[in-house]
Structure formats: C-alpha cells, structure tokens
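Working notes, structure below.
Every number here is computed from the coordinates shown, using simple stated rules; none is lab data. Remember, predicted model here, so these are calculated numbers, not experimental data. Because the Cβ atoms are built from the backbone with ideal geometry, glycine has one as well, and the counts that use them run over all protein chains shown.
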Amino acid sequence: LRRKSHARFAMKLITHNMLQSNVKGVQKGYPLGLRATKLNVLDVPFNKEFVKSMLMRLDYAVLRMAAKALGYNDLPEEIPADSSDNEEFLLKVHHAMNNLEVEEGTLICQETGREFPIKNGIPDMLLKENEVK
Amino acid sequence: MEEAPAKTKNALKVQKRQENKFRKKEKKAQSMIAQQEGKPISELLSSTPTRYCYLPYFGAGSYVTFENLEAFLVKEFPGFEKLTVQKSKAHAMVTFSSPEDAVVAHEKLHGKTPEELNQPMIIFFAKDAPVEEAVESTQVTGLHLVEDFITPEEETELINFVESCEGEWEVLNRRTVKHWGYTFDYVKNTVDRESKNDNFPPLFRQVREKMKSLDFLPFEPDQITVNVYEPGAGIPQHVETHSAFEDGLVSLSLASQVVMELKHPDGTVASVPLPRRSILVLTGESRFLWSHGICGRKSDTIGNVNVERKKRISLTFRKVRDVEHCDCKYQAQCNSWVSEFKGSQQDNTKIEDQYVKEVYNSIAPHFSDTRHKPWPKITQFLKDQPYGSLVCDVGCGNGKYLGVADNVYTIGNDQSVQLLKIASERGHQVAVCNNLYLPFRSESFDVVISIAVIHHFSTKEHREQALRELVRVLKPGGKLLVYVWAMEQEEKTFGQQDVLVPWNMEKKYVEQILDQSEGETKEKIQSLISESPAVTKQNKEYVVFQRYYHVFRKGELPTLLRKIEGLEVGPEEFDHANWTVVCTKL
C-alpha cells in the first residue's frame, strides 16, 4: 500500500472522495466539486488487492465524477458485475484513485459555492470565523 | 536429514539480515549524534570503553521520561553516576564510575529492548564527558542557603521525633509524607484552607522561631510538610502552586546531604548542594519562576567528591495564602493567571490559535526534528487492523504515524499547515482543518486515531466536540484510539491541569520556518516570533514559545467518551505518560 519515492506529494482522488464541506448550515456538503490548475499524472505500481479493497470504501459515482473533472473519462458508469476479477476495470480504477494528483486547484462546496484551495497538493479546509458561528 | 541443512541455512540468512539491519540502525544513530554535536563521529566516539556513553534517541523528545530512564539506570547498574540530557539534543549521555561499569551496561543493553523502557537501545562509548550545563546557585535570584541553621543536638531530636511519629503518613513510591498546620485533602491534592490549626509540635515551633531572624523571609510559615526519603530517592521537578502558598518557602535538611536542581524555563539548570542542618529559602524568582526537584540517584557530586546519600528527612515550611489567588508576573508558571486568562477569553479559540496553532506553525521544522520514534503500541494498533482499512489520523502533525503500517491507508490532517508540509513531503495524503469541524463525510473511516491532540483544547465543551467529530467520521464497527497527556506522573505534586509548556527554539530554525512559509501564515509566524522572548544560552540564541495543554486526570478521558452515544469505551491504560483508550463504534 505504501507508495515509493517517485510519488509526488499531492491530493489524490481517494482523499477527495472523503472530503465534504463543513461550512455551518450546509446540508449537502458532499461531494465537493473539483477543478485542477496543476495536475500530475503518475504511474504508481498496480496492487490488485489494494484497489479492490479501496473500491469497497469509496463512493464510486463520486470517484468517476472527480476523474472526469480531471479529464479522465474511461471509468464506466456502473461497476461491472465481475469487478473483482475484471483487471481491465480495476486498472482504470487504480489510475483514477492513485495516479491522478492535484497539486494546485480548488474544491467547491456545491451548496454555497465556497471554494477551498488546494496548494502545494494540500487541500485547505480551515473555516473562517463567520463560517463556524 | 535433508531438511536440517536447509533450516540452518535459513536461520543463518535471517540472522545475517537482522545483523545488517542493526548495523544500519547503528550508523543512522551515529550520524544523528554527529549532526547534533556538530563534529565528525570519529571525534566523538571511542573505540575502547570509557566511563561515558551516548544513548541515542533518549534525549530531547524521547518518550521515555528523564525520571524513568534515570530510575531504571539507578536500579540496574551500581556503577551508574549521572544521566545528562541537553535540551536541544536527541541523544542522552550516561556517566559511569569506571569504564568497567560502562562495559557492564553495554553488554546488558546494546541491541536489547528492556521491558521497563520498551525502547530498543543502542550504546556507544564516548571520548569526552558530557558538557556540564549547570550554573551556580548564586545565579538563581531570590535563593538563600543558610548552613548550620540548627545544632547537631537539635537535628538528632528532630530525627527521633519524626521517626517515632505516628498518625497519617502518606506512602508514596520512595518517600513518606506528613503534614502539619492544616488538614490535607488528598482528593483535591491541596490543603483544606478552613482547617487551619496551630498544633505544631514544640520542636517545630522552635525551628520556626529561629526563622524570625531571616530578614529575607517575607511571611511567617503556618504549614509544614515532612518528607522522609529512602536513600537515593528524589522528587520530580515542580513549581510550588502559586495560588496556594505565599512567597517564601523554607526547606530544612536532616540526616543526609543532597543536591537539589533548579530549572529555569529557558533551560538553565542550577545545582545546589544542601548540607545537613541547612535551610534553603526560595523567594521571588526562585519560588515562582524556577522549578525545583531532586534527581533519584545513589550519590551526588559535591565539589569534586562523590558523596553517598543516606536516608534524608526534609521539613518544608510554607505560608498558606488567605485567598487562593496569585498576582505575580510569571504568567506561564502561574495557575491563577492561566485560569483567569482562559476565563477572560470571549472565545476560547483565541487560546487554541495563539498557544497551539500559531506556535506549531512557527516551530514546525524544529518540532519535527525531535519527533523520531513512533510509539510501539500505536504502531501495533495500526498493524492489527484488517488489511485495506482506511485510517484518519486527526492531528497528524509531521505525519509520524502516516506510513508506519503497510496494511492500512491513512489520510492525515492537522491545523498546522507547516507541519503538514513536512508530512506531505514524505508522500502522504493530508489536509488542513480543525478537529472541531472535520471536513469528512460521516461514517467514512474504518479507524480514527487521535494522538496527543485533545489536550490542546482549552474547554471541556471543545474537548467533547472534538471527540464527537472523531466518532462521527467513524464507520459502525470502526475503532477509535485516543492518547492524551496525563497529569499524574510518578509521584503527586501540587500541580494543576491547565498549563503552559515552553518550547525553546534555536534561532537557526527561524530562518528555516520563514523560508518554508508564505502568505498570511508567514505573517502570523513573523508576528509571533517578534512577540516571543529571546534568550541566549551558551552562545546560542533561542526564541521561547508557550504551548497550552489541559492535562488529563485518570478517568477523565473515559468519562468524556462515555457521554457519546453509540460508542463502546474500552479500559483506560497508561502508556508513556499518556492516558489512552480504544473505543468501538456500535
């Protein structure tokens, strides 16, 4: 599961899949919209067991939407029935969840339009005083 | 018959691999020592045994406390003389009575993991003795030492009285304690102010009468604590609670001499030999600003002579304040100031910003340099989780735990963007956020860990809210691990729960952090540095920051956790000066 040193440090779609807007009063803070101004595409070694295991924990539709926002359109609309043995499918999932990294960009709260910056690969989700009270 | 050779071959292979691994560890430790001492390793290490040893990783930032390590060395090695830790160095140094004694320790410890310390040990022989950093007692403002305050006959009478004294003695680890003048409330750990009585034994009154001649003693004492120390026993560093007692503490030493150490917040240490029949009087800075304590060890070096400790009795005379309040200027040491400061804040996030977030942003590279070893129990907890578990490390700092277990995938987060930059550079997924408002969807993680974080929240409401957020993002059936600093250490002292803990940062790190930061964060860091006091010690300049902590009493964490619905709270354990609990979400 550990990435080797060739992996640059920036936000992957696994992380995006977990993040939500926590601005006070927001009902539907998930998923966050995604826009990248600096995208890195890596070539992380494929680990089938890891991908299968992580797939169970992700919201697939959100992963697909986020990948599309980054220009990767190869994920099918639905998870195929034979997904656990479908290596072609799993490789696509792997690419989406491990190889696409946003170094600079924005996460957008769909309800309020509030933008959370991604700088140096790190999403800044800190709220301002008035977003909390 | 065919199997046996293959097995031995394999065993040899494994052994060789382990030896190589250890050799690598040794090399790493050596280069760290060389880097911190600023000299090549060949100038520091001795190829033949000497009296002095390096213990890498047991210095500043070690999770084995100074007191624990010292107690362990005293117990195991009759030849142990002294443990030296310099505050900016990650390695400690040990002095033995002779090279032969050092060899005994080397054989017993090098490459082994003693159960008491639970940390693998590496020992190197050093060419030179550790640098002494202690100053003379004359450098401690307000300290007075009066020798021969009582006669030998008076000393004998007092010793006999104390030894034959019945009644309620508090039995601690290596000393027993009794109080006079007020009833002592052992639950609240303070005097019962209402219970003032004046029934001092005549012998004690006599000693008190003599104190009238001391013009530097501001108040006549009305409370006495007697400590009977087993030979070699000590007492941890502490500042006498500001709000409980007036200025002026008097300590009379009977039956044995001892050396007391006083520590200034900037790290300066003063060694004060206390002869028998002498009194030590602490006023002003020495009472309110410096902490004092006695190292547990068999003997002390006084002048150039090693003097063995015998059983020692101390009588400490204090004046209890009429009103439990202190008005001094030593804010960081003053429990009255800290609780009033908290109370005066409209918004407790100011404390959490100024004395936690901004400080960590300012000290990030230095802080990260001193956080070396992941704690074994936490690493094991992560390794025990099912393969592929998604872990959230809330308050991950420099990412110490983000890569320790190969079977899990961890996303870290922290308030300090400067610490996260370090974590991110190591290849981890991180986000900046506040524990009180976690930006994660509910029930999204299999495991949540919170290591040394909750104690940075300044109110009970915030601590509870932070814990609730941890539980919210956890999936049903998921596990939560929490570690918080414990108030209780080896022995009780008159301490308090809300404290400011100093961090002394070398000037060289100022350049680094200003280089690494940008925008609003950088402005805030510059501002905090310019407001923080600077000290010079041994030709090195330091900036002194204060971090806020609410240290936890035994049982406090489980009580908070049990308020959260749908959470099964496990038993509380004590691990390396922290209270820790594992919970399962139902």
Tell me whether the protein assembly as shown comes out rounded, prolate or oblate; compute the Cα gyration tensor, take square roots of the eigenvalues as a ≥ b ≥ c, and use a/c under 1.5 as the rounded threshold. prolate
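Determine the sum of side-chain charges near B:Leu44: Lys and Arg each +1, Asp and Glu each -1, restricted to other residues whose C-beta is under 11 angstrom from that of B:Leu44.
Numbers: positive: B:Lys39, B:Lys127; negative: B:Glu37, B:Glu43, B:Asp128.
Taking every Cβ under 11 Å from that of B:Leu44, the sum is -1.
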What lysines sit close enough to A:Lys119 to cross-link, taking a C-alpha to C-alpha distance under 23 Å and skipping anything fewer than 8 places away on the same chain? A:Lys4, A:Lys12, A:Lys38, A:Lys68, A:Lys128, B:Lys357, B:Lys400, B:Lys421, B:Lys522, B:Lys524
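Once every DSSP H run of n ≥ 4 in chain B is given -39500 (n - 2.57) and the sum is divided by its residues, what mean residue ellipticity at 222 nm do you get, rounded to the nearest 500 deg cm²/dmol? Spell out each step's value before the answer.
On the way: 16 runs with 172 residues, N = 586.
Calculated at 222 nm, the ellipticity per residue is -9000 deg cm²/dmol.
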Note on segment B:400-544: alpha-carbon gyration tensor, axes a ≥ b ≥ c; rule is a/c under 1.5 for rounded, else prolate if a/b larger than b/c, else oblate; result oblate
Nearest 10, in degrees from 0 to 90: the angle of helix A:60-69 to the longest Cα principal axis of chain A is 80 degrees
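Would you mind ranking B:Trp169, B:Trp180 by Cβ crowding within 10 Å, fewest neighbours first? The partial results should precede the final answer.
Working: B:Trp169 14, B:Trp180 21.
Arranged by neighbour count, lowest to highest, B:Trp169, B:Trp180 become B:Trp169, B:Trp180.
Evaluate the Kirkwood expression for the hydrodynamic radius of segment A:6-133, namely the inverse of the mean inverse distance over all pairs of different C-alpha atoms, and round to one decimal in Å. Please list the in-between numbers first.
Values: mean 1/r = 0.0654 Å⁻¹.
15.3 Å is the Kirkwood radius here.
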Determine Rg/Rh for chain B; Rg is computed over alpha-carbon atoms and Rh is the Kirkwood hydrodynamic estimate from the same atoms. 0.98
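Rounded, prolate or oblate: which fits segment B:40-137 when a ≥ b ≥ c are the square roots of the eigenvalues of the alpha-carbon gyration tensor, with rounded for a/c under 1.5 and prolate only if a/b beats b/c? Numbers along the way, then the final one.
Details: a/c = 1.25, a/b = 1.03, b/c = 1.21.
Rounded, because the longest to shortest axis ratio a/c is under 1.5.
Using the C-alpha atoms of segment B:462-549, what convex hull volume per residue, in cubic angstrom, is computed?
200 Å³
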What are the lysines whose alpha-carbon lies under 16 Å from the alpha-carbon of B:Lys585, with same-chain residues fewer than 8 places away excluded? B:Lys475, B:Lys479, B:Lys563
